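Colleague: Before I ask anything, let me first share the structure, which is written out below as structure tokens.
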Amino acid sequence: MRKFLVVLDDSRECLSAMRFAAMRAMKTGGGVAILSVIPPDEFNHWIGVSDLMREEARERIQAHFDVFAKWMRDSNKIDPDLIIREGEPIKEILDYVTDNPEVGVLVLGAGTDNSGPGPLVSQLSKNSGSLPVPITIVPGNLSKEQLEAIT
């Protein structure tokens with residue numbers, strides 16, 4: 001089954017990417033994988049403190065995932081997978097896409113403020129020619145109705 005890979009982070013545009021991926025997966029018979037990357041700079045503390053911070057980060061990710069997963073199951077009949085990795089976000093995303101042939105499309109949400117589309121969109125679009133899958137960039141300000149119309 002082809003899966004839409006979405007990156008879960010703390011950005012507002014993440015919600016648009018999640019909605020788009022779930023709607024496309026439902027309409028095409030695909031699945032959704034949600035990848036969240038914990039950057040290493042969050043753990044530059046003593047070992048005991050970094051272990052606690054790592055666990056708190058995983059719990060926060062799981063709580064966000066649970067909200068998105070419930071919505072996907074209830075609204076779109078999609079049961080998403082959660083993948084949590086630790087490392088540099090761009091590298092981890094590229095490695096996951098390259099190592100997992102079931103990923104058919106990488107879905108990213110683009111920021112809507114004056115600072116640009118966001119670091120993930122900027123960096124990954126530079127690498128798009130070497131990726132084994134296409135990237136879909138979803139504007140972060142699309143309404144639910146607009147997303148339904150384009151999916």
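The values are calculated or read from the model by the stated rules, or taken from the named source; none is laboratory data. Because the structure is a prediction, the values reported are computed rather than measured. Virtual Cβ from ideal backbone geometry, glycine too; neighbours counted across all protein chains shown.
Colleague: Any chance region 101-117 includes a residue that's at pLDDT 90 or above and assigned to a loop (DSSP other than H, G, I, E, B)?
Modeller: Within region 101-117, one or more residues are at pLDDT 90 or above and assigned to a loop (DSSP other than H, G, I, E, B).
Colleague: Take the residues of region 88-109 that are in contact with a Ser or Thr (Cβ under 8 Å, 6 or more places away or on another chain) and within 21 Å of residue 64 (Cα to Cα): which is surrounded by the most Cβ atoms within 10 Å (Cβ to Cβ)?
Modeller: Looking at residues that are in contact with a Ser or Thr (Cβ under 8 Å, 6 or more places away or on another chain) and within 21 Å of residue 64 (Cα to Cα), I get 109.
Colleague: Count, please, the residues in region 63-82 that happen to be exposed (fewer than 14 other Cβ atoms within 10 Å of the Cβ) and not β-branched (Val, Ile, Thr).
Modeller: Counting residues in region 63-82 that are exposed (fewer than 14 other Cβ atoms within 10 Å of the Cβ) and not β-branched (Val, Ile, Thr) gives 8.
Colleague: Something else about it: Which of (1) surrounded by fewer than 16 Cβ atoms within 10 Å (Cβ to Cβ); (2) not in a strand (DSSP E or B) is the odd one out, the single condition residue 85 does not satisfy?
Modeller: Against the list (1) surrounded by fewer than 16 Cβ atoms within 10 Å (Cβ to Cβ); (2) not in a strand (DSSP E or B), residue 85 comes up short only on (2).
Colleague: Still on this structure, please answer the following. With the structure loaded, tell me whether residue 57 is loosely packed, with under 14 Cβ neighbours inside 10 Å and more than 22 Å from residue 132 (Cβ to Cβ) or whether it fails that test.
Modeller: It is false that residue 57 is loosely packed, with under 14 Cβ neighbours inside 10 Å and more than 22 Å from residue 132 (Cβ to Cβ).
Colleague: Right, next: Residues of region 110-123 being surrounded by 13 or more Cβ atoms within 10 Å (Cβ to Cβ) and in contact with a Ser or Thr (Cβ under 9 Å, 6 or more places away or on another chain), which ones?
Modeller: Result: 110, 111, 117, 118, 120.
Colleague: Would you confirm whether or not region 56-79 contains a residue that is small (Gly, Ala, Ser), closer than 17 Å to residue 147 by Cα, within 13 Å of the chain's Cα centre (by Cα) and at pLDDT below 95?
Modeller: No.
Colleague: Inside region 20-40, can you point out the residues that are part of a helix (DSSP H, G or I), more than 20 Å from residue 132 (Cβ to Cβ) and either small (Gly, Ala, Ser) or touching a strand residue (DSSP E or B) at 6+ places or on another chain (Cβ under 8 Å) (or both)?
Modeller: 20, 22, 40
Colleague: In addition: Could you count how many residues in region 118-133 are assigned to a loop (DSSP other than H, G, I, E, B), of a type outside the set (Gly, Ala, Ser) and touching a Gly at 6+ places or on another chain (Cβ under 8 Å)?
Modeller: 1
Colleague: Pairs, please: C-beta under 6 Å, at least 6 apart or cross-chain, first residue β-branched (Val, Ile, Thr) and in region 99-127, second surrounded by fewer than 18 Cβ atoms within 10 Å (Cβ to Cβ)?
Modeller: 105/134; 105/136; 107/136; 112/141
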